[in-house]
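A.B. asks: Dropping a structure here in structure tokens format, bear with me for questions.
Every number in this text was worked out from the coordinates using simple rules, so none of it is lab data. Note that this is a predicted model, so its numbers are computed, not measured. Positions of Cβ are generated from backbone atoms using ideal geometry, with glycine treated the same way; all protein chains shown enter the neighbour counts.
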Amino acid sequence: MRRILLFLVLGAALFQADCAGTTSGSSGNHGSPGTPPPTPPPASITVTVAPNPVTVRAGLTQPFTATVTGSANTSVTWQVNSVTGGAASTGTISSTGVYTAPATLPSPNTVTVQAVSMASSSASGQSAVTLWDPVPVLAAISPTSVTEGAISITVTGSNFVSGAQVMLGGSALTTTFSSSTQLQATGTASTVGTIAVTVMNPNPGSSVSSAVNLQVTSSGGGNPPPPPPPPPPLACSVMQPGQGGSLGGFVPFPADNLWNQDISSAPVDPNSAALIAFIGAGIGLHPDFGSGEYAGSIIGIPYEVVDATQGPVTINFTEYGDESDPGPMPIPLNAPIEGDPNPSGDQHVLVLDNSNCWLYELYNASPSGSAWNAGSAAVWDLTADEQRPYTWTSADAAGLPIFPGLARYDEVAAGAINHALRFTLNSSIAAFTPPASHWAANSTNPNAAPMGMRLRLKANFDISGYSATNQVILAALKKYGMIMADNGSNMYISGAPDARWDNDDLHNLDGVTNQDFDVVEMNPIYTAANIPSGAPPVISSFTASSQSVSAGAAVTLSWTVTGASYLIVSPDIGATRGTSVVVTPSQSTTYTIYATNAFGRTTATVNITVQ
């Protein structure tokens, strides 16, 4: 029995040892089948929503897209503030991602659009949406004629919001909000003639309607003839919104502007031969623009035209803020950048506003959240001969606007370029000649060009052998010439990218060399020894209709300024004309007016406390 028990004990031990070996073999490399390895965790699912961030006006739509990674199921559920499909108060969103902003802004005026993965409800992406008031639409005023002095008018239209102001000739009238389609306004008409009436909706996203004329007659009898119609340069509304939008024949700046002057008969500079020779021997003209991409970037300096629906955006300066125009500026966060889709070089951003006739230009620019970072920025009044302060830079080294010097396909297609072109040279000296106002010297040779030097294609240069496109460009170089605006490659002329350019044809212009040009007489030439001096603008007053208000209440800022080329009110407003604007601060704010002319800048501030 003991022996049997011993055999039983030994058998049990061997059985346990065998089992133990099988178990360890399942995780070792002993060739036993074992158990399969654990299933790896599923791939992480991510959802990205674009655009983000974005601004949408009340009642308008904004399509969104969702990109799902980590799953074959790319379907999403769209939400607004975590509510599937949204709600009337915050805006609704369709199953395809089309968001419709509410007709009335919520408080706060921000919402979150979310896309939730159908593969995993824990995976979602979002976009921060800022809602702005709509653009007011002015349809009619009653009466259409009043006698000078105290007046009362009824304004009808649509998209009016509480806090909207009726403006008479740019000055705010006392306005009573009746409904989204009607306003009552009272005030004083002190000028006899035809006066423009507009409606300004308040912030967020303050915007102005188109104008309807009010006839103001003399209280003493008789009536002066109506003023003449505005000259063509005021018709900037013909510019078509969009990237590379056609200007529809609109030419920036008045006809007497140096960019637009016919210099075909202007005298040749006495030093022309030496200046041309210094550039080099037989340096060909090079079109620095075209179609498609080169080395991964678009060819040329792009631009965008915006309308009244584009609101103001903050500009943060990284280099030359002391010589820049402050924001805000109506520059979309997706505006094209020089060098896209791989921005490089000067990274210029150019935007034209067809509702207010301003040109905005940034240098070394990149979007940053809901703002732009820029090395420098300049604002240009498209209706006036604006002069920036002498020795100040702009978005260009010469202190000049860039856009007026671009060759654009819409002009060529119309048969004429009616302005000078922009070009670069390797070397420049510490001097400038009008229209330039700044130098960026890299040479001391007296035959190096001053900024603003203008070359003109010789009248006897035969252009008949060139294509129709190139003949338009060459004809402009005979009539308006090209203005040296920056240090760069020799004889590179600037233009806007366009898919319709024929790059091979454009490069036939290489056969035109610097010896085919004359330097137009430069007088005056400014150096450090003779820079003009004078009085900067004078701000006699800058006041607020109330300096203590509740959040969102309308406040009229008014000023008296003399001697200014252009005005900027910051924050909230930006470049402006007239003698007043309406703001609706949501928090205590210090407003600054910047008055600028050729001799400098003057500022004044006013504080508004929000209770």
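A.B. asks: Answer rounded, prolate or oblate for segment 534-606, using the Cα gyration tensor with square roots of eigenvalues a ≥ b ≥ c: rounded when a/c is under 1.5, else prolate when a/b is larger than b/c, else oblate.
C.D. replies: Prolate.
A.B. asks: What list of ³J(HN,Hα) values in whole Hz, one per residue of segment 160-167 in order, does the Karplus curve 6.51 cos²θ - 1.76 cosθ + 1.60 (θ = phi - 60°) give from phi, with Gly and Pro shown as x?
C.D. replies: With coefficients 6.51, -1.76 and 1.60, one gets 6, 10, 4, x, 5, 10, 7, 10 Hz.
A.B. asks: Here's a follow-up. Counting only the backbone N, which residues of segment 572-611 are under 15 Å from the spot 7 Å out from the Cα of Ala551 toward its beta-carbon?
C.D. replies: 584-589, 609-611
A.B. asks: So what's the angle, to the nearest 10 degrees on a 0 to 90 scale, between helix 2-25 and the longest Cα principal axis of the chain?
C.D. replies: 10
A.B. asks: Which residue, chosen from Pro434, Trp559, Pro252, occupies the Cα position most advanced towards the positive end of the dipole of the chain, where the dipole is computed from +1 (Lys, Arg) and -1 (Asp, Glu) charges on Cβ about the Cα centre?
C.D. replies: Trp559
A.B. asks: Need the full-extension length gain, Asp504 to Gln387, defined as separation in residues times 0.36 nm minus the C-alpha distance. One decimal, nm.
C.D. replies: 38.3 nm
A.B. asks: What whole number of Å gives the distance from the Cα centroid of segment 283-350 to the Cα centroid of segment 463-516?
C.D. replies: Using only Cα atoms, the two centres lie 21 Å from each other.
A.B. asks: Using the crude model of +1 on Lys and Arg Cβ and -1 on Asp and Glu Cβ, and no other charge, please compute the dipole size for segment 340-449 relative to its Cα centre, in debye to 20.
C.D. replies: Dipole of segment 340-449, to the nearest 20 debye: 280 debye.
A.B. asks: Put +1 on the Cβ of each Lys and Arg and -1 on the Cβ of each Asp and Glu in the chain; which of Gly495, Pro401, Ala103 then has its Cα farthest toward the positive end of the dipole?
C.D. replies: Ala103
A.B. asks: Against the longest alpha carbon principal axis of the chain, how many degrees, from 0 to 90 and to the nearest 10, is the axis of helix 468-479 turned?
C.D. replies: 50
A.B. asks: Next up: What shape does segment 367-515 have by the C-alpha gyration tensor, where a ≥ b ≥ c are the square roots of the eigenvalues, rounded means a/c under 1.5, and otherwise prolate means a/b greater than b/c and oblate the rest?
C.D. replies: oblate
A.B. asks: Applying a 10 Å radius around every beta-carbon, put 375-384, 542-551 in order of their mean neighbour count, most first.
C.D. replies: 375-384, 542-551
A.B. asks: Still on this structure: Place a +1 charge on the Cβ of each Lys and Arg in the chain and a -1 charge on the Cβ of each Asp and Glu, then give the dipole magnitude about the Cα centre in debye, rounded to the nearest 20.
C.D. replies: That gives the chain a dipole magnitude of about 1700 debye.
A.B. asks: Further question: Which number do you get for Rg(Cα) / (2.2 N^0.38 Å) in segment 343-418?
C.D. replies: The value comes to 1.20.
A.B. asks: Hey, for a label at Ala273 modelled as a point 7 Å past Cα toward Cβ, could you say which residues of segment 483-522 have their backbone N under 20 Å away?
C.D. replies: Backbone N within reach: 513-522.
A.B. asks: Further, regarding this structure: Whole-Hz Karplus ³J(HN,Hα) for segment 204-210, in order, using 6.51 cos²θ - 1.76 cosθ + 1.60 and θ = phi - 60°, x for Gly and Pro?
C.D. replies: x, x, 3, 8, 10, 6, 5
A.B. asks: Output the relative contact order of the chain, whole-number percent, from Cα pairs under 8 angstrom with separation of 6+ residues.
C.D. replies: Here the relative contact order equals 11 percent.
A.B. asks: For Val313, what is the net charge nearby, where nearby means another residue's Cβ is under 13 Å from its Cβ and Lys, Arg count +1, Asp, Glu -1?
C.D. replies: After counting each charged neighbour, the total is -3.
A.B. asks: At 222 nm, what value in deg cm²/dmol follows for the chain if DSSP H runs of at least 4 each add -39500 (n - 2.57) and the sum is divided by all its residues, to the nearest 500?
C.D. replies: So the calculated ellipticity at 222 nm is -2500 deg cm²/dmol.
A.B. asks: Express in whole angstrom the spacing between the alpha-carbon centres of segment 357-381 and segment 114-162.
C.D. replies: Between the Cα centre of segment 357-381 and that of segment 114-162, the gap is 26 Å.
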